[in-house]
4 protein chains.
Amino acid sequence: MPTKKELLQAQIQHIDIKQHNVVALVDAMASMAYSSRDLARAASIYDMMLRDTECGVILCLAGSMVSAGLQKVIVDLVRNNMVDAIVSTGANIVDQDFFEALGYRHYIAGEEYKYGAGDAELRDLAIDRIYDTFIDEDELRICDAATEKITNSLETRPYSSREFIAEMGAYLKKNGRTPENGNNDSIVLACYEKDVPIFCPAFSDCSAGFGLVAHQHARRGKPVVSIDSAKDFYELTQLKIANPTTGLLMLGGGVPKNFAQDIVVAADILGVEASMHKYAIQITVADARDGALSGSTLKEASSWGKVDLTYEQMVFAEATIAFPLIAAYAYHKNGAAERTGKLFAQVLVEPVTA
Amino acid sequence: MPTKKELLQAQIQHIDIKQHNVVALVDAMASMAYSSRDLARAASIYDMMLRDTECGVILCLAGSMVSAGLQKVIVDLVRNNMVDAIVSTGANIVDQDFFEALGYRHYIAGEEYKYGAGDAELRDLAIDRIYDTFIDEDELRICDAATEKITNSLETRPYSSREFIAEMGAYLKKNGRTPENGNNDSIVLACYEKDVPIFCPAFSDCSAGFGLVAHQHARRGKPVVSIDSAKDFYELTQLKIANPTTGLLMLGGGVPKNFAQDIVVAADILGVEASMHKYAIQITVADARDGALSGSTLKEASSWGKVDLTYEQMVFAEATIAFPLIAAYAYHKNGAAERTGKLFAQVLVEPVTA
Amino acid sequence: MPTKKELLQAQIQHIDIKQHNVVALVDAMASMAYSSRDLARAASIYDMMLRDTECGVILCLAGSMVSAGLQKVIVDLVRNNMVDAIVSTGANIVDQDFFEALGYRHYIAGEEYKYGAGDAELRDLAIDRIYDTFIDEDELRICDAATEKITNSLETRPYSSREFIAEMGAYLKKNGRTPENGNNDSIVLACYEKDVPIFCPAFSDCSAGFGLVAHQHARRGKPVVSIDSAKDFYELTQLKIANPTTGLLMLGGGVPKNFAQDIVVAADILGVEASMHKYAIQITVADARDGALSGSTLKEASSWGKVDLTYEQMVFAEATIAFPLIAAYAYHKNGAAERTGKLFAQVLVEPVTA
Amino acid sequence: MPTKKELLQAQIQHIDIKQHNVVALVDAMASMAYSSRDLARAASIYDMMLRDTECGVILCLAGSMVSAGLQKVIVDLVRNNMVDAIVSTGANIVDQDFFEALGYRHYIAGEEYKYGAGDAELRDLAIDRIYDTFIDEDELRICDAATEKITNSLETRPYSSREFIAEMGAYLKKNGRTPENGNNDSIVLACYEKDVPIFCPAFSDCSAGFGLVAHQHARRGKPVVSIDSAKDFYELTQLKIANPTTGLLMLGGGVPKNFAQDIVVAADILGVEASMHKYAIQITVADARDGALSGSTLKEASSWGKVDLTYEQMVFAEATIAFPLIAAYAYHKNGAAERTGKLFAQVLVEPVTA
């Protein structure tokens, strides 16, 4: 049995799309079939979104994408004005991105661990596994503690996850966790600096949840910091109202997909006739046949009045292959040249008094 | 093109497990291979959970299961003391179960609609589609409005989703939406009456979210009802602490799976050495190979210290086939005969002052 | 490490559909959604096929279905005039069915072997694994040798796989491998006795292939027994011409699906305007999105003029769950009551002189 | 409704890996997770195969890969000594590659056809559909006729599919269907010229099957050309014996995967202790959980003594994305620089007298 140190050797390295000009490759895929053609069309729709300077680009993240080596792709999109808002699971943002921003890393697990053969031993070593990736659980507990520390520093009131995550960005900045100081760049930090709001609609379902529970437990009977998921929804809807043309760039499905799609209906309920999402791309291997939202087609979303049919594309592919290709294509096509960030966080910067 | 009325004719009928004794069938599957054997083992683990009278059974629901005809299965499990807490997506509980409790129905869509051929026309008719199922969007808006009405009736403070859903149960009771009055029985009502708490960790991501946004918008600048997802997490963790032996019965993955698994760690963070979930079953067609939680094995969860390896079983099957078989097996085996409900809602009935 | 004997203890038991009346259960599924509704419709289409006494029912078998506990289901369908021809992979017919007819068994593998953790040790023990099932490789070699023995007994000329498999049936009969003598009933034997032809279009791709190669090697330079796959195709096409109304009952996809569908086109090429397959059911978890035939929809087959659109149904389910339900439904509905077997083998009994 | 001409406008274009140097991109994927890492490892294993000059590389093709734009990739691998034998479904070789070599093309189908909405109309227009690709059925019938013509030109005796396909290569050459004459290059032609044998173990299950059936029907009662699938198996086994070090490069599963793996056992049966396949790569989206061979892990194959565990890699990806990346990686790494083709067809060129 290897030691913990032996198991946590090979680090996940985040791919740098700036180094890989795949424009010709992806363009060639446009005249093939199956996933390659769909990928090429999705890439060209993303390029269209960026050239449509009215369009606010909402990136939706489900699954464990940051731990898988996609952190830098997302940071690069944010820093190059190619994403205006993020809706994510908490795991990507807190357990993985903020965690790496604190200086910790994810590790490559050997093939033999993929299917669970070593999980009992990993448990004993306090190594957590995500499919073929390892995390040091002790480091994750330090991350939990950091979120508790941030929570304790806040005025006790309901916060949207967006507000809380902005505080996490400020924390990184204040504590010098910046690339200038030799740290890894992070999504939380880049979004903080670029006024790109991040929403985690199920925010307690991650490392921050542990910090929040510890906070609420320590202060039971007293006023506490709380996370108002309705406020998240209200805020994202306000962005849709402020910037009616929108496009969705989705990795996986789950809550982020549903949440981002739903703002069209929410705007309608607030009396604003909002247009459907004009563009929508989803990368997923989920199957439509179990009726679940994750694999449901974007056409289905159009029956709900959420997504327009003209520029939508599902890509049947695992995201660590497909997303670098799509993002690198859009980056090297330079469709965002004329584009400035939407600074959506500023739209919301006044404590929304809902 | 058919009319809306023509399209909304054939109602989804909820299967009644009490009518189908599948014990011999499922027992026969135990000596076969692949999904049949896994299903049989999962069914026997559920039976074990029920015979272990210490065990609190947590049902996790992702996907669109209630609209698919599984409402009555779940109601029957609740009314027969076979489920002690529910963690769900909002859609199952509000858009589908509460919606049906209000008197509305889901409809069978023709095969030709499954893959999106008619979605533009459905949009024009205000018919929403879930794969092969139709919903009248006008009725869904009435459901949204009911959640707004409930929200407006509440004292303005942060609520856990559990507290809010209990109010929905009270609303159904108060308004006579009960089987005695000829209404469909509902999960929300049955849980209300049986003190089974329901948690929706991403609660604004459903029909209730629309009601909450409308409420917060109408009262912007004033105190509002908010939904504290951290409180949800804290409450569910308290149940784990109060009743250390637990079993998970999971349909699909997503946030409910993650959330329910995480309470083991959360208890630990509160200084209580909690045992892992002793039993765990998951029915899913999700694939492990995209690294997402939904398809991740229960063995993987054991590396995180969340699920014990001894009695865990994944079942690779679409839930509308597998869940009635497993639930009917457990019902007709009568393993819950010695069991009383855990009345978990009473553990939490004092407004938790976190 | 367990011994070979310890690993080969628990036998796969073949489910007996005659013991499980699932008519009410499956009928209830018809008003649900997703796979349950599709399964119910598939079952009712199979029932229709049987009541349409003109219809010749062609069962297509891919995957490892016999080793998984479905042998008896298929035997029961054959013996009750519910199947008129079989198109299969060689593995199901030779390595699994004929193998069991020789007295050998398949074994239940522990969950821990499913994902390959013990494969190196299994190799050392000469235990072959099919996912969660074990086979004694030494016994399989005896099966290979039996096919060589049969081959050596034949006149040297090209045979269709159908002819060869009929010889295997005769071998079982001659050697007293019959239920009357206390042996397991087998598909090969039942089909032999009921004049149900079995085709394996890729016949050398199984245990029989080993026997044939050994035969051809031993007789190199001399006339040999050969397996003419074109003759298979010609024979099956003749059945389509002789009995124009046909229905397909397919487990999995692969070569059997393609081969059976193609006879409509082949008849056309022979100048006979053949009707498309009037009924078609496929149980599969294969995905349409990789463009492969196995997951391709039956609608796609209709574009090729192979399958009629009116009575076709794909069922997204693993076959060990879905097929017993569909077969038991059809058996207990007794739709075959008025039906006699088509005795298709007799149509071909004269050595086809092609 | 569009006309046939309108529907058959946009041609599938075959991707040219020589134009896309993806070495850095794929190398970057080696330190990521999930499919990207697996793809990178598969690419490096293919590179290793090529640098191991002892190794005979066997390419296995299932699914509809040639129609999807992968013809040129395969031609380039053959012409650059990167593939020594091919085992394929008949569709790829005859209906798709030989078909294009005759001058016909595959066409891009609009998104709206993917799920079968237009199949009845396509039927009326004699347009066949493969997921998102169209074929002119009238042209396919000409292809069928060409195979009949070739069949009729042959001496009547049993042929391996390998022998028959070599005749198809000769036919293309004789009839000037060569790149020098401005024709598309083809796999059948390139393999013919490079002495790379092609095996289709289920050969009648394709366009050639129609030609063969027509031939056998026209000559019924007289000696005919037959296709001996046992001879295929014997021949491929001879190659394994002649060149013991082998590697498998597999697109999809099905019969080609099984057939190529089985030759290790077949050699053993002939008394030659053959080494397992030293290298094995498979690209597939098939799931292991239905127990079928297509999705079964290469570890499972090692329990059968067919594939060595050291250098094996499954890649969970649709092949039109993954295969160009892997092939382009190997091409631009130039690992085949020291390699000459194995000229396996010459090993078999004497009519094998089995």
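The values are calculated or read from the model by the stated rules, or taken from the named source; none is laboratory data. Keep in mind the model is a prediction, meaning the values are calculated, not measured. Note: ideal-geometry Cβ built from the backbone for every residue, glycine included; neighbour counts use all protein chains shown. Heavy atoms of the whole protein, side chains included, go into the accessibility calculation; ligands, DNA and RNA do not. Shrake-Rupley method; radii C 1.70, N 1.55, O 1.52, S 1.80 Å.
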Exercise for the section: Determine which single condition B:SER204 fails, assuming it passes every other condition in (1) in contact with a Lys or Arg (Cβ under 9 Å, 6 or more places away or on another chain); (2) open to solvent by 30 Å² or more (accessible area, probe 1.4 Å); (3) at pLDDT below 95. Expected result: (2)
Exercise for the section: For B:VAL265, state whether it is more than 16 Å from the chain's Cα centre (by Cα), facing chain A (nearest Cβ under 7 Å) and either in contact (Cβ under 8 Å) with a residue 24 or more places away in the chain or in a loop (DSSP other than H, G, I, E, B) (or both). Expected result: yes
Practice task
Scan the range A:125-133 and give yes if some residue there is surrounded by fewer than 17 Cβ atoms within 10 Å (Cβ to Cβ) and on the phi > 0 side of the Ramachandran plot, otherwise no.
Solution key: no
Exercise for the section: Check the range A:210-233 and report whether any residue there is farther than 24 Å from B:THR237 by Cβ, buried (at least 22 other Cβ atoms within 10 Å of the Cβ) and either touching a helix residue (DSSP H, G or I) at 6+ places or on another chain (Cβ under 8 Å) or of a type in the set (Gly, Ala, Ser) (or both). Expected result: yes
Practice task
Using the structure shown, decide if A:ILE86 is farther than 29 Å from A:LEU239 by Cβ and more than 8 Å from chain B (Cβ to nearest Cβ).
Solution key: no
Practice task
Mind listing whichever residues of the range D:120-129 are within 9 Å of another protein chain (Cβ to nearest Cβ) and free of Cβ contacts under 8 Å to residues at least 12 places away in the same chain?
Solution key: D:ALA120, D:ARG123
Handout entry: Flag for B:ILE142 being within 25 Å of B:ALA68 (Cβ to Cβ) and buried (at least 24 other Cβ atoms within 10 Å of the Cβ)
Key = no
Exercise for the section: For residues that are within 11 Å of chain B (Cβ to nearest Cβ) and open to solvent by 30 Å² or more (accessible area, probe 1.4 Å), scanning just the range A:104-119, find the one that is nearest to A:CYS200 (Cα to Cα). Expected result: A:TYR115
Problem - Qualifying position, being touching a Pro at 6+ places or on another chain (Cβ under 7 Å), at pLDDT 95 or above and under 16 Å from C:ILE283 (Cα atoms), among C:VAL26, C:VAL66, C:VAL73 - result: C:VAL73
Problem - Residue among C:ALA91, C:ALA101, C:ALA43 that alone is buried (at least 24 other Cβ atoms within 10 Å of the Cβ), at pLDDT 95 or above and touching a Cys at 6+ places or on another chain (Cβ under 7 Å) - result: C:ALA91
Practice task
Would you confirm whether any residue within the range D:108-119 is in a helix (DSSP H, G or I) and in contact (Cβ under 8 Å) with a residue 60 or more places away in the chain?
Solution key: no
Fill in the blank from the handout: Of (1) closer than 26 Å to D:LYS114 by Cβ; (2) surrounded by fewer than 21 Cβ atoms within 10 Å (Cβ to Cβ), A:ARG339 satisfies every one except (1)
Exercise for the section: Identify, from the list D:ASP205, D:ASP262, D:ASP185, D:ASP195, the residue that is in contact with a Phe, Trp or Tyr (Cβ under 6 Å, 6 or more places away or on another chain), under 25 Å from D:VAL78 (Cα atoms) and among the acidic types (Asp, Glu). Expected result: D:ASP205
Practice task
Among the numbered conditions (1) without any contact (Cβ under 8 Å) to a residue 12 or more places away in the chain; (2) open to solvent by less than 20 Å² (accessible area, probe 1.4 Å), tell me where C:ASN334 comes up short.
Solution key: (2)
Exercise for the section: Kindly indicate whether any position in the range A:306-328 is in a loop (DSSP other than H, G, I, E, B) and in contact (Cβ under 8 Å) with a residue 60 or more places away in the chain. Expected result: yes
Problem - helices (runs of 4 or more DSSP H) fully within the range A:135-229 counting 2 or more residues that are among the small types (Gly, Ala, Ser) - result: A:137-152, A:161-174, A:207-218
Exercise for the section: Provide a single number: the residues in the range A:156-177 that are more than 14 Å from chain B (Cβ to nearest Cβ) and open to solvent by 10 Å² or more (accessible area, probe 1.4 Å). Expected result: 9
Handout entry: Candidates C:GLY116, C:GLY103, C:GLY63 - the one that is more than 19 Å from the chain's Cα centre (by Cα) and within 25 Å of C:ASP185 (Cβ to Cβ)
Key = C:GLY103
Exercise for the section: Could you tell me whether B:LYS278 is in a strand (DSSP E or B), in contact with a Gly (Cβ under 8 Å, 6 or more places away or on another chain) and either more than 10 Å from chain A (Cβ to nearest Cβ) or open to solvent by less than 10 Å² (accessible area, probe 1.4 Å) (or both)? Expected result: yes
Problem - Unique residue being hydroxyl-bearing (Ser, Thr, Tyr), surrounded by fewer than 24 Cβ atoms within 10 Å (Cβ to Cβ) and within 23 Å of B:ASP287 (Cα to Cα) when the list is A:THR245, A:THR297, A:THR284, A:THR310 - result: A:THR297
Exercise for the section: Take D:LEU248 and decide whether it is within 18 Å of D:VAL347 (Cα to Cα) and either under 19 Å from the mean Cα position of the chain (by Cα) or polar (S, T, N, Q) (or both). Expected result: no
Exercise for the section: Spot the failing condition for D:ILE269; the list is (1) surrounded by fewer than 24 Cβ atoms within 10 Å (Cβ to Cβ); (2) at pLDDT 95 or above, and only one is missed. Expected result: (2)
Exercise for the section: Could you grab me the full set of residues in the range D:52-88 that are among the polar types (S, T, N, Q) and buried (at least 24 other Cβ atoms within 10 Å of the Cβ)? Expected result: D:SER64, D:SER67, D:GLN71, D:SER88
